[in-house]
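Bear in mind that the values in this text are calculations on the coordinates, not laboratory data. Since the model is a prediction, treat every value here as computed from it, not as a measurement. Cβ: placed from backbone, ideal geometry, glycine included. Neighbour counts: every protein chain shown.
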Amino acid sequence: MNQAGFSYAEVLVATVLIALLLVPGLQALNSGLQSTAVQGNLAEQQALLQGKLADVLALPFATLDAAALAAGGPAIPSSLSDTVTLSNGGSLSRQVFLSRYDGDNADGDGNPFTGTDAGLLWVQVAIPGTALTLETLTAQ
């Protein structure tokens, strides 16, 4: 009398196939989880940059202008730069760059940081060593 069911060889082949196909699936899941962590860090850094830019723009124009003059140029971080603590316990430097700005290019040299206009400032907030940066112009 023949009994219906799977033979030992069929079960063994099925188990080996599942094991072989499970490895790439788990690797894909692992890289997806790592991407989620990286995206979370980038989102936190972006939010910290936006908050710093809002804080800087809330300062009186005279304070920003004085900090721009003290910095000595658009490539030198101003005294408004700071360091904050991240949710993971690490720290993050937020550099603030300020400079008077030549919005109308009246001097004709194409350099927005020479021949500057009165009452116009360029503001940039950046995280050093990354491509994360925000910049804007503000007027008196």
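Remind me, relative contact order of the chain in percent, using alpha carbon pairs under 8 angstrom and six or more residues apart? In percent, rounded to a whole number, it is 17.
Summing Cβ point charges (Lys, Arg +1; Asp, Glu -1) relative to the Cα centre of the chain gives a dipole of roughly 560 debye. Annotation: peptides 18-26, 39-47, ranked by per-residue average of other Cβ atoms within 10 Å with the highest first, follow the order 39-47, 18-26.
Both numbers refer to the Cα atoms of segment 30-140; Rg and Dmax are 16.3, 56 Å.
Scoring 117-124, 104-111 by mean Cβ neighbours within 10 Å over their residues and listing the highest first yields 117-124, 104-111.
Scanning residues 5 or more positions from ARG94 or on other chains, those with amide H under 5 Å from its amide H are ASP82, THR83, VAL84, with H placed 1.01 Å from N in the peptide plane.
Annotation: amide H of SER99 within the under-5 Å range of TRP122, sequence separation 5 or more or interchain, hydrogens built in the peptide plane. Beta bridges assigned by DSSP with both partners in the chain are antiparallel in approximately 100 percent of cases. Dipole orientation for segment 18-140: of the candidates ALA70, ASN105, ALA131, ALA131 has the Cα lying most toward the positive pole (charges on Cβ; Lys, Arg +1; Asp, Glu -1).
Phi angles across segment 92-107 convert, under the Karplus curve 6.51 cos²θ - 1.76 cosθ + 1.60 with θ = phi - 60°, into 3J(HN,Hα) values of 9, 8, 10, 8, 10, 10, 10, 7, 5, 10, 9, x, 9, 6, 4, 7 Hz, Gly and Pro given as x. Working note: Karplus 6.51/-1.76/1.60 with θ = phi - 60° gives segment 125-131 the couplings 10, 9, 9, x, x, 10, 8 Hz, where Gly and Pro are set to x.
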